[in-house]
Each structure stands twice: as C-alpha cells, then as structure tokens.
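The values are calculated or read from the model by the stated rules, or taken from the named source; none is laboratory data. Keep in mind the model is a prediction, meaning the values are calculated, not measured. Every residue, glycine as well, gets a Cβ built from its backbone with ideal geometry; the counts of neighbours run over all protein chains shown.
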Amino acid sequence: MRREIKILLLSDTWTYLALGLIGPIYAIFVEKIGGNILDASWAYSSFMITTGLVMFFISRWEDKAKHKEELVVAGYVLTSLGCLSYIFVKDELSLVITQVILGLAGALYTPAFDALYSEYLDSDEEASEWGLEEAMIYVIGAISALIGGYVAKFLGFRILFIIMFIVSTFSVATSLHLLHSKKHPSIS
C-alpha cells in the first residue's frame, strides 16, 4: 500500500471520527437549542443539498485542477471550521449555517479525495484498498457514535464540539503530508 493511500485513509479516519461524534445524537442537540424534529430535518437537508449541488459543479472544475492535494487539505480545514462552529450554534439559523459550512467542506474535498485515492491505488489491490476505505467509514462510525453519546451525556455538547474540532484538526495535520508527498513522490 502506497504511503499516499495511508495518508488519505488516516486523514479521512480523523474526519469520520470527528463528524460521527454528533451523528446519532444530532436530533437531541437540535432539541437542546429549542428546535424540533422538523428543524433537525431542515438543517440536515441543508447539509445534503449543499453537498450534492456544490459537489456536482465543483467536481467538474476539480477534474481540471492540478492540485487536488490542496483541495483535500482545504476541505479538511473547512470541516474543522464547521466542527468549531457547532460551539456557537444557539438557534436553528446558526445550525443551518453550520450545516452549510460542512456541506461545502464535503463538496470540496470528496471528489478530490476520491480522484487521488484512485490515482494512488495499487492496480493489484484495488478492491481491497477501496474496501479498507469503506470499512473504515463503518467501523469509525460505530466507535464515534458510542464515544459521542458518552461525551454528550457526561460532559455535555460543548465539550463534544470542542473534541470534534480538535479531532478534525488531526485530519488537516495528517493531510498536509500529501503536499510533501506531491513534491517527493514515493515508489512503493
């Protein structure tokens, strides 16, 4: 497995860990800020529509971009800012803004990430290397769901959001190694 694949996997692991901490308890948080189930649905819908529409358009531009590594790093930076913005959510509007930030982040880094991951795949191990990426999403999702629930229950949502921000910055730090790899490509 190439070094770049390992960097991409580790970077994405940190992102999925950070974002997964809120996943199953998202609606409970929305209630805590005075929202209801429809507010949670609208906020999540704003994330999904932002990600989908922006990704559709930006991916066309990213096909021509020569610096996909920088786009991945920028997406992780924006993800960290989205995680940080949860700390300041006080109402439904600020929640939607946070979801839009996270949607923009996903739209920015996902196509570039997938393009790089495909580029760095070992042709003899394509299925297993993609399988590793997909398996990581589920395993980290399970772990983060449990951690997030316990942190929110015993320490509160504010601490949870601080942890999300800190963990998401590990994605940024790890993905910065892609920039170094681009300047000094590995052989293995």
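Could you pull out the residue among VAL72, VAL54, VAL77, VAL30 that is at pLDDT 95 or above, under 22 Å from TRP130 (Cβ atoms) and β-branched (Val, Ile, Thr)?
VAL72
Do you know which residues across the range 60-80 are farther than 16 Å from SER11 by Cα and among the hydrophobic types (A, V, I, L, M, F, W, C)?
TRP61, ALA65
Checking PHE56 against (1) over 14 Å from VAL172 (Cα atoms); (2) buried (at least 18 other Cβ atoms within 10 Å of the Cβ): exactly one of these is not met. Which one?
Every condition holds for PHE56 apart from (2).
Which of the following residues is surrounded by 21 or more Cβ atoms within 10 Å (Cβ to Cβ) and in contact with an Asp or Glu (Cβ under 9 Å, 6 or more places away or on another chain): ALA18, ALA43?
From the options ALA18, ALA43, the qualifying one is ALA43.
Select, from ALA145, ALA115, ALA105, ALA135, the only residue that is of a type outside the set (Asp, Glu), under 16 Å from LYS68 (Cα atoms) and surrounded by fewer than 19 Cβ atoms within 10 Å (Cβ to Cβ).
Just one listed residue meets the conditions, ALA115.
This table checks each residue for (1) in contact with a Pro (Cβ under 9 Å, 6 or more places away or on another chain); (2) over 27 Å from ALA40 (Cβ atoms).
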position: GLY52; (1), (2): no, no
position: SER59; (1), (2): yes, yes
position: TYR86; (1), (2): no, no
position: ILE101; (1), (2): no, no
position: ALA107; (1), (2): no, no
position: GLU119; (1), (2): no, yes
position: GLU133; (1), (2): no, yes
position: ALA142; (1), (2): no, no
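Of all residues in the range 36-79, which are farther than 19 Å from VAL100 by Cβ and among the acidic types (Asp, Glu)?
GLU62, ASP63, GLU69, GLU70
So which residues in the range 73-96 are touching a helix residue (DSSP H, G or I) at 6+ places or on another chain (Cβ under 8 Å) and surrounded by fewer than 22 Cβ atoms within 10 Å (Cβ to Cβ)?
ALA74, VAL77, LEU78, LEU81, LEU84, SER85, ILE87, PHE88, GLU92, SER94, VAL96
Among the candidates ALA152, ALA107, ALA115, single out the residue that is modelled with pLDDT of 95 or more, closer than 20 Å to VAL72 by Cβ and small (Gly, Ala, Ser).
Testing whether each residue is modelled with pLDDT of 95 or more, closer than 20 Å to VAL72 by Cβ and small (Gly, Ala, Ser) leaves just ALA107.
Condition first: out of contact with any Leu (no Cβ under 8 Å at 6 or more places or on another chain), surrounded by 15 or more Cβ atoms within 10 Å (Cβ to Cβ) and under 9 Å from PHE157 (Cβ atoms). Now tell me which residues in the range 21-38 satisfy that.
Hits for the range 21-38 are ILE25, PHE29.
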